[in-house]
Protein chains: 2
Amino acid sequence: MSTLSPTRDPEQTRARILEAAEALFVEQGFSAVRLSELARSAGVTKSLIHHHFGSKEKLWEAVKDRAFERYFTAQMSMLEEAGEPDVALLRASVEAYFHFLRDNPGVVRLFAWAHLEGDDHYSELDAELVGAGAEWVRQAQRRGVLRADVNPTNVIAVFVMACTQWFETKSHCQQWPGMGSDAAFLEDFLTIFLEGVTPRG
Amino acid sequence: MSTLSPTRDPEQTRARILEAAEALFVEQGFSAVRLSELARSAGVTKSLIHHHFGSKEKLWEAVKDRAFERYFTAQMSMLEEAGEPDVALLRASVEAYFHFLRDNPGVVRLFAWAHLEGDDHYSELDAELVGAGAEWVRQAQRRGVLRADVNPTNVIAVFVMACTQWFETKSHCQQWPGMGSDAAFLEDFLTIFLEGVTPRG
DNA sequence: GACCTGACTGGCCGACCGGTCAATAGACAG
DNA sequence: CTGTCTATTGACCGGTCGGCCAGTCAGGTC
């Protein structure tokens, strides 16, 4: 078999580089990562990184692309599964979003670095996700399930921002007096958020 | 007069360096800033930066200290002015926090960089602010002004996180379909948040 | 076998990084 | 004036950065 421990396996090499690069970029951001360190960490030579990715910048783009694709497909498939708008489904969606971020901490940090650097490569696809989410909210508003006096996009924004910021800063915020676990924060956020977006009766 | 255009003014020089450094660090983060660029931008020599601040790292700390002090004193004085807990005051507090961030965009970015780098120098003072805020919420809960089934710290966290993330990502999020201005987001957030934290009647 | 493609290596490069240092110059005390 | 202190300068340093290049080597094709 040709796939059994070949002395050369460019695809696996690419993957090894990407994985090591993601780990370092997540931890240190683009500027602070040294190609020499990355090469050592991936077990390849610096030249090989250039051979496969062209430059440090292009490797950074490749890492971000891969992470954003994971994010985009996860959210999109979640949205496509969504059925009739009701509050239980909104709760489930927020929980799913929260858990995705919890299970992909690298994605959160990568986006944070990318955004601070002014990267807006992904705003179009992101807008697609938000647009679909807002449309879902709009339908729920029309059916009287959610209060209609708020901008649907802002409903999405509020929970996306709260969840994102929680995972961006939780190592710091969990030192706050009285602050609890992921689950405890999520529960209280949901209590406030869901009460806030449903009509008073 | 000795203060009229002296050929040497170390304090002003320090201030010029600090200001230029803050601008560059806010924009690019610690690693990406080059001392040579900073020197050019501040109109001084590289050596002078070392003379006044010792090293790039210490200058970075000085810039963060100064920004955090602005943040801390602003929030603390706001908390001290706070009177009897009621919903109108909570609204005013959220608005004040939001407007502080809006008027100090550099502070938001500086904190974001610092946090990604794992800096937790400021967690103690930050905890003091949050503790005071949470205590205010606890009093409001005891008086029945706010719902008592949520952790007071999480009430603070939710609005702090939503406001912070808004200004961290607004250049990106304002490209979302249907997304509006600062004021529009704040108004919708307040609508949801205040409805969510007050007891149903 | 000869041949080609491309994965892969080690050595090297110019640029530039943060930082140092000896020398200079302005402010001020006496 | 002289001496002292220090803000300020420009030349300079060792180290390391991202990137390049000539060449080697494995695998596939004919």
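If you count, for every residue in B:145-157, the Cβ atoms of partner chains within 10 Å of its Cβ, what is the mean? Walk me through the numbers on the way to the answer.
Numbers: counts 0, 0, 3, 0, 3, 8, 8, 3, 9, 14, 3, 4, 12.
Per residue, the average neighbour count from other chains is 5.
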Query raised in the report: In nm, one decimal, shortest first: how far is the label point of B:VAL87 (7 Å from Cα along Cα to beta carbon) from the matching points in the other copies?
Result: 1.7
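May I ask for the net charge around A:GLY180, where only other residues with Cβ less than 13 Å from the Cβ of A:GLY180 are counted and Lys, Arg are +1 while Asp, Glu are -1? Could the numbers behind the result be given before it?
Details: positive: A:LYS170; negative: A:ASP182, A:GLU187, A:ASP188.
That works out to -2.
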Report task. Taking each label point as 7 Å beyond Cα in the direction of the beta carbon, state the distances from A:ALA74 to the same residue in the other copies, shortest first, in nm. Result -> 3.3
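Helix check for chain B. Which DSSP H runs span at least 30 Å along their own axis by Cα, with a mean Kyte-Doolittle hydropathy no less than 0.0?
Numbers: long enough: B:56-81 (38 Å, -0.86); B:152-173 (31 Å, 0.46).
Once both thresholds are applied, what remains is B:152-173.
With a sphere of radius 11 Å drawn around the Cβ of B:GLU27, what net charge do the other residues whose Cβ falls strictly inside it have (Lys, Arg +1; Asp, Glu -1)?
Numbers: positive: B:ARG109; negative: A:GLU117, B:GLU22, B:GLU37.
Result for the local shell: -2.
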Query - Estimated translational D of chain B in µm²/s (Stokes, Kirkwood radius over Cα pairs; 37 °C; 0.692 mPa s) - result: 171 µm²/s
Query - Lys, Arg +1 and Asp, Glu -1 on Cβ, resulting dipole of the range A:1-54 about Cα centre, debye, nearest 20 - result: 200 debye
Report task. Within the set of other residues whose C-beta is less than 13 Å from the C-beta of B:ARG16, count the net charge using Lys and Arg as +1 and Asp and Glu as -1. Result -> -1
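So if the hydrodynamic radius of the protein assembly as shown is defined as the Kirkwood radius over C-alpha pairs, what does Stokes-Einstein give as its diffusion coefficient at 25 °C and 0.890 mPa s, in µm² per second?
Details: Rh = 23.3 Å.
Translational D for this selection: 105 µm²/s.
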Report summary line: Per residue, the convex hull enclosing the alpha carbons of the range A:1-84 has a volume in Å³ of 124 Å³
Requested in this report: Check the straight Cα-Cα distances from B:LYS46 and name the lysines below 28 Å, setting aside those fewer than 8 residues away within the same chain.
Outcome: A:LYS56, B:LYS56, B:LYS58, B:LYS64
Requested in this report: For B:SER181, place a label point 7 Å out from Cα along the Cα→Cβ vector, do the same in each other copy, and report the separations in nm, one decimal, smallest first.
Outcome: 4.5
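Every number here is computed from the coordinates shown, using simple stated rules; none is lab data. Predicted model, so just to flag it, every value in this text is computed and none were measured. Quick reminder, even Gly has a Cβ in these numbers, built from the backbone with ideal geometry, and neighbours come from all protein chains shown.
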